[in-house]
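Trainee: Handing you a structure now.
The values are calculated or read from the model by the stated rules, or taken from the named source; none is laboratory data. It should be emphasised that the depicted structure is a prediction, and the values quoted were computed from it without experimental measurement. No Cβ is skipped: glycine too gets one built from the backbone with ideal geometry, and neighbour counts run over all protein chains shown. The accessibility values were calculated without ligands, DNA or RNA, using every heavy atom of the protein model including side chains. Shrake-Rupley method; radii C 1.70, N 1.55, O 1.52, S 1.80 Å.
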Amino acid sequence: MADYDLIARMNGCFNELELALQDLGHFLSQLELLQARVFALPEVVKGEEHNPADKIIVTPHTGEAAQQLALQHFQRLFIHHNNENVSSKSAVRLPGVLCYAVDPAEHQSALLLIEEVNKLKAELEHIVTVESGLAREQRFEFVHTHLRGLITLNAYRSVTYLNDPDSVRFGWANKHIIKNVTRDEVLAHLEKSLNAGRAVSPYTREQWMENINREMSDVKRLPEHAALKFKRPVKVQPIARVWYRNSQKQVQHPCPLPLIALCLRSPMMQEPKLGELHDYDVTTIKHKYKPQSQPLSLLIKRLHLYTDYPL
């Protein structure tokens, strides 16, 4: 278990993050709001976290109401901020954008506040996931012992700002998280789980240890040249596509939090054009081009670990 110094630094970092988020929210509320648009998504009910999201109904909000929802959302870090029946295992998303007119001094102040928030978020994540030295299976207990009810994904998500965008459009993205790994890396990961000494329901501790040992044997049986990769499906995600006319460039951002668009005041200033996020329906998705994927065999289902070696 992590030592007292690490626990003190984690709590100190989180307290600073809460204050920084409050400062950012207060500062933004004092700026000139040009326009705001956010899209409330259905909350995930307890027990339905792993159900496929085939349809998502979007509820749009604009103007001052959108700004208030967004500023509240930035500080929505704990389970008790959710309704009773809402799952604590799924972070709540609120895609959208807040557009502000700023002078150079306001622009600089906004950047400093956002960068401070993001620095503290990254520091908190590093303390929990790296410095603690804890296996993934142990982190939940560690965090909730000292920051009871914290939704870590909400706490880690960075705030994204945009400088003078010409348009912000919204859409949906389906993807996989793919990571190539070596045999030694997989075995080290399994060894860490083994040493954690925790059971995963519905298994007893002995049964769980036996499962991990069996998984380690399966990995060791592979030839050295066998490729290994984690290929984990991610539920459909809201995204923003931001267009900059001067550079003729489009930038795509994941959009679990509202973006903050800072528009410098000038005689030529134009408000960004904002798009809508439409309801998602998996039956209407059409792929323009879907390349043929490499045939892979599933080696460890719970880890989404695949190999190119035929099993």
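Trainee: Which three semi-axes in whole Å describe the equivalent ellipsoid of region 197-303, each the square root of 5 times a Cα gyration tensor eigenvalue, listed largest first?
Mentor: 46, 20, 16
Trainee: Something else about it: Quick one: compute the contact order of region 116-194, relative version, from alpha carbon pairs under 8 angstrom and 6+ residues apart, as a percent.
Mentor: So the answer I get is 40 percent.
Trainee: To continue, here is another question. With n ≥ 4 as the cut-off for DSSP H runs, can you work out [θ] at 222 nm for the chain, using -39500 (n - 2.57) per run divided by the number of residues, rounded to the nearest 500?
Mentor: Here the helix-only value at 222 nm equals -11500 deg cm²/dmol.
Trainee: Whole angstrom only: what separates the Cα centroid of region 221-252 from the Cα centroid of region 109-167?
Mentor: 21 Å
Trainee: Note down the nm distance, to one decimal, between modelled labels 7 Å out along Cα→Cβ at W243 and at L112.
Mentor: The two pseudo-label positions are separated by 3.5 nm.
Trainee: Let me confirm the definition first: pairs of Lys residues in region 165-257, 8 or more apart or on different chains, C-alpha distance under 13 Å. How many are there?
Mentor: 4
Trainee: Classify region 170-242 as rounded, prolate or oblate, taking a ≥ b ≥ c as the square roots of the eigenvalues of its Cα gyration tensor: rounded when a/c is under 1.5, otherwise prolate if a/b is larger than b/c and oblate if not.
Mentor: oblate
Trainee: Compute, for Y156, the solvent-accessible surface of its heavy atoms (probe 1.4 Å) with the complete set of protein chains present, and express it in square angstrom to the nearest 10.
Mentor: We get 40 Å² for Y156.
Trainee: Sticking with this structure for a sec: Could you derive backbone 3J(HN,Hα) for region 245-258 from the dihedral phi with the Karplus parameters 6.51, -1.76 and 1.60 (θ = phi - 60°), listing whole Hz in sequence and x where the residue is Gly or Pro?
Mentor: Each residue of region 245-258 in turn: 5, 4, 9, 6, 9, 10, 10, 9, 10, x, 9, x, 10, x Hz.
Trainee: Can I ask one more? With label points built 7 Å along Cα→Cβ from the Cα atoms of A65 and E43, find their separation and express it in nm.
Mentor: For the pair A65/E43, the computed spacing is 1.8 nm.
Trainee: Determine the relative contact order of the chain: mean sequence separation of Cα pairs under 8 Å and six or more apart, normalised by residue count, in whole percent.
Mentor: Relative contact order for the chain comes out at 25 percent.
Trainee: At a Förster radius of 25 Å, what calculated FRET efficiency corresponds to the Cβ-Cβ distance of V181 and E276, to the nearest 0.05?
Mentor: It comes to 0.05.
Trainee: Compute the accessible area per residue over the chain, keeping the other protein chains in place, probe 1.4 Å, unit Å².
Mentor: 58 Å²
Trainee: Please compute, over every Cα-Cα pair in the chain, the percentage with a separation greater than 36 angstrom.
Mentor: 29 percent
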